[in-house]
Amino acid sequence: MLSNPVIDLIAAHGSVRDYRPDSIPLETIQAVVSTAQHTSSSSNLQAYSVVAVTSAEKRARLAALCGNQRHIAEAPVFLAWCADLARLDRVCQIQGYQQVTDYFESFLVAAVDAVIAAQTAALAAESLGLGICYIGSIRNHPAEVIDLLELPPLVFPVTGMTVGWPAGRPFIRPRLPLDEILHWEAYDTRGQDERLRGYDRAMNATGIYRGRQVAAAGATPQPPEVYGWMEHAARRVSQAIRIGLKGVITSQGFGLK
Ligand SMILES: Cc1cc2nc3c(=O)[nH]c(=O)nc-3n(C[C@H](O)[C@H](O)[C@H](O)COP(=O)(O)O)c2cc1C
């Protein structure tokens, strides 16, 4: 595999869930977010915002709202990455237009802008020796998060992110074989089952699922011989989660038609 400092940094990523209590200088957070601002953006609309939470009290509240995840309260900074069409609403108002926010595409444009900026911030943070962990559980209780962060209409938190100084080296999880992700000219599933089984064995061998199994919704079709990536993934995606999300997003003003 090719190697250079950027590729090596990306390949060394592991989510950090154990942080030292040390704070992060304000300028460092500003540098991370201003670097993220260089991310590509749909039509350069920059339809996202990020709320940086440093208050221990607010982080504790966020931890409670996001599935009681200890690392949210412990990391010195929590970043809430938001799809944001509110700024563009103001732009339209100033310019004498009416923004169309009725369609799913508008939400998707803003959500994609938010998450790709988040990932650039993640890399910038990691390049400075910080660790990060995405927090999708910010969508567990979105209405309460919206209240807590005082998000106006047309702003919705798509993902959270803990940021802090790692207490140790994070585990680097193996990924699916490249051929499972990269298709040439057209989507191609030949050899898929063998690739999935090989990855399942590799992930199981890491031991990361020991004591961290996801409970199955209902009865498992056939108790698995090994609990590996396939069983883990299947148990996750066979559960309906955050089923009220659409209602909260629409009540924030995104049409989703
Ligand atoms: C959008 C998104 C949401 C996530 N939400 C959570 C979360 O709520 N809590 C958590 O501990 N990890 C969360 N993660 C981290 C993933 O579990 C992690 O990225 C994945 O297991 C791969 O591990 P790695 O990041 O260490 O390579 C999330 C990751 C993404 C991309």
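The values are calculated or read from the model by the stated rules, or taken from the named source; none is laboratory data. Keep in mind that what you see is a predicted model, and the values were worked out from it rather than measured. We place every Cβ from the backbone using ideal geometry, glycine too, and count neighbours over all the protein chains shown. Keep in mind that these areas ignore ligands, DNA and RNA; they rest on the heavy atoms of the full protein, side chains included. Shrake-Rupley method; radii C 1.70, N 1.55, O 1.52, S 1.80 Å.
Looking at 144, 194, 126, 185 in this structure, which one is more than 18 Å from the chain's Cα centre (by Cα) and in the same structural domain as residue 32 (by TED's automatic domain parsing)? It would help to see each step written out before you state the result.
Working: 194 fails: in the same structural domain as residue 32 (by TED's automatic domain parsing); 126 fails: more than 18 Å from the chain's Cα centre (by Cα); 185 fails: in the same structural domain as residue 32 (by TED's automatic domain parsing).
The unique qualifying residue is 144.
So the check is Cβ under 6 Å with 6+ separation or different chains; which pairs have a first residue in the range 244-256 that's on the phi < 0 side of the Ramachandran plot and hydrophobic (A, V, I, L, M, F, W, C) and a second one that's in a loop (DSSP other than H, G, I, E, B) and open to solvent by 30 Å² or more (accessible area, probe 1.4 Å)?
Once the first residue is on the phi < 0 side of the Ramachandran plot and hydrophobic (A, V, I, L, M, F, W, C) and sits in the range 244-256, no partner that is in a loop (DSSP other than H, G, I, E, B) and open to solvent by 30 Å² or more (accessible area, probe 1.4 Å) comes close enough.
Among the residues of the range 15-35, write down those that are more than 20 Å from residue 86 (Cα to Cα) and either surrounded by 14 or more Cβ atoms within 10 Å (Cβ to Cβ) or within 16 Å of the ligand (Cβ to nearest atom) (or both).
Correct list: 15, 16, 17, 18, 19, 20, 24, 28, 29, 31, 32, 35.
Looking at (1) within 16 Å of the ligand (Cβ to nearest atom); (2) open to solvent by 70 Å² or more (accessible area, probe 1.4 Å); (3) closer than 23 Å to residue 171 by Cα, which is the one condition that is false for residue 12?
Every listed condition holds for residue 12 apart from (2).
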